[in-house]
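Remarks on the structure that follows.
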Amino acid sequence: MKIVHVVHQYPPEFRGGTETCVQVLSAAQAARGDAAFIVAGSDARHPDGELRLEAVNHVPVCRVLRRPGENYSMDHRSPRVAQQVVELIVNERPDVVHLHHTLNLSGDLAARVSAAGLPVVITLHDFTTVCARFFLSRPDGESCAEHFPLPSARCDACVLPDFPAGGEALRIEREARARTAAAEAAAWGAAIVPSSSVRQRWLDSGLVDAARLVLLPHAPARLKGTPCEPRVRADGRLVLASWGHLAPAKGLLDLLAALRLAADPRLALVVLGEPIDADFAEQLIDAAEGLDVSFGGRYEPADLAQLAPRVDLAVFPSRAEETFGLVLAEARALGLPVICSDRGALPEGVGAAGTVVPAANPQALAAALLAAADDPRQLESWRAASHTDLLTPGQHAERVNDVYTRVIAAAHRR
């Protein structure tokens, strides 16, 4: 089977949870004899809107470089880019097109690809279809998860500070985004959702029926030497780790504030990942001053296998309405216990492998860290449950293939 995956960015240019999921899935598909082709957006620009073909880990990748001025907005359609992408996809003659994220491309690709006669499957990694901030989380941390249908007039106050064209232009674009969302959802042959909480949110949206929603958790990469043996805590320290896309919504500032409140020399933290911008990097450095914190910068999945034997506990205190939490699944696959926030699918993902604290609450997080430092038996209990009930990449690819087969058959019947 030939599959075209469409995603907003792709390694090595950028690595977040969505990009990692696509990379793991495409590698597993290649291992089972399928042909995967990646169409990826990019932050790079080119005067002519260039297409750049390359190979990443033996998988062909075509990066779509927008022209200067083709920027993301509330109405996230880009007709020129959309036409370019659809022509590229059609020329590849795939059996199925698997959309993952259309930021940096155009928000109407499902409808356009379907109109071109190709079956469409989407994985709903976040809520970009209906939320301009992707994760149903306002800049002040307030969740919009209980405010469907979206987008709505509620979005205007959230987006307006970053929308220089003004309120009336924003209203027009927001209404266009709502129409686009409805058209996109109508074009999905199936929508894969990685958690029960996300499935419920999309049912609440009114855009997609239960029959097309397929509950299928992501599979973390399986790394050599994992799950690892626990670190011997002869030094009495509790070494924490946090990694992933370092953006304000991920709660790392809350973790640093918790360490300062705990004021316990036993607590140390290792952070992997690149801050979203220079301003946030400076905030992190300031917040970590005087604490036992090290920043490791950009990482590859294989680096996690080297990190795991040196730490005791993974911590992910996200403020976002996480749809899955790949970093949490990665931690469990490594054999690490986890403390996470109560947002989105994280409580569902941690199971018996850790504990949950309220989001945006450094006091509660500090208390949980101190309790873990004082109770090695609890850590052992969490660790014992860490790597159970996780899909392997091969198992995940087989189940995705079942979804493809069903959608292709339905398209042929029409």
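Laid out as a table, the results:
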| item | result |
| --- | --- |
| Degrees, to the nearest 10: 393-413 long Cα axis against longest axis of the chain | 20 |
| Under-5 Å amide H pairs with Ser195, H placed in peptide plane, nonlocal only | Leu216 |
| Value of [θ]222 nm, deg cm²/dmol, for the chain, DSSP H segments ≥ 4, -39500 (n - 2.57) each, nearest 500 | -11500 deg cm²/dmol |
| Under the Karplus curve 6.51 cos²θ - 1.76 cosθ + 1.60, θ = phi - 60°, whole-Hz ³J(HN,Hα) for region 298-308, x wherever Gly or Pro sits | 4, 9, 10, x, 4, 5, 5, 5, 7, 6, 3 |
| Under the Karplus curve 6.51 cos²θ - 1.76 cosθ + 1.60, θ = phi - 60°, whole-Hz ³J(HN,Hα) for region 271-284, x wherever Gly or Pro sits | 10, 10, x, 9, x, 5, 7, 5, 5, 5, 4, 5, 4, 5 |
| Kirkwood Rh, angstrom, region 238-384 [1 / mean 1/r, Cα pairs] | 14.9 |
| Efficiency of FRET from Cβ geometry, Glu229 and Arg154, R₀ 41 Å, rounded to 0.05 | 0.25 |
| Relative contact order of the chain, pairs being alpha-carbon contacts under 8 Å that are 6 or more residues apart, as % | 15 |
| In degrees, nearest ten, helix 252-262 long axis to first principal axis of the chain (Cα) | 10 |
| Cut-off under 5 Å, modelled amide H: who pairs with Thr323 long-range | Ala345 |
| GNM top mover of Ala153, Ala35, Ala241 - the chain, alpha-carbon springs below 10 Å | Ala153 |
| Degrees, to the nearest 10: 362-374 long Cα axis against longest axis of the chain | 50 |
| Whole-Hz ³J(HN,Hα) from phi, Karplus 6.51 cos²θ - 1.76 cosθ + 1.60, for region 18-32, glycine and proline x | 4, 4, 5, 4, 5, 5, 5, 5, 5, 5, 5, 5, 4, 5, 8 |
| Extension gain, Glu54 back to Asp279 (0.36 nm per residue minus Cα-Cα distance, nm) | 77.8 nm |
| Principal semi-axes in Å for region 153-299 [√(5λ), Cα gyration tensor, largest first] | 39, 25, 13 |
| Rh by Kirkwood over Cα pairs, then Stokes-Einstein D for the chain at 1.306 mPa s and 10 °C, µm²/s | 72 |
| Amide H contacts of Leu238 (H built 1.01 Å from N, under 5 Å, at least 5 apart or other chain) | Leu267, Ala268 |
| Residue among Cys131, Cys340, Cys228 with the largest mean-square fluctuation in a Gaussian network model of the chain, springs linking Cα atoms under 10 Å | Cys228 |
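Bear in mind that the values in this text are calculations on the coordinates, not laboratory data. Treat the numbers as computed from the prediction; the structure is a model and nothing was measured. Virtual Cβ from ideal backbone geometry, glycine too; neighbours counted across all protein chains shown.
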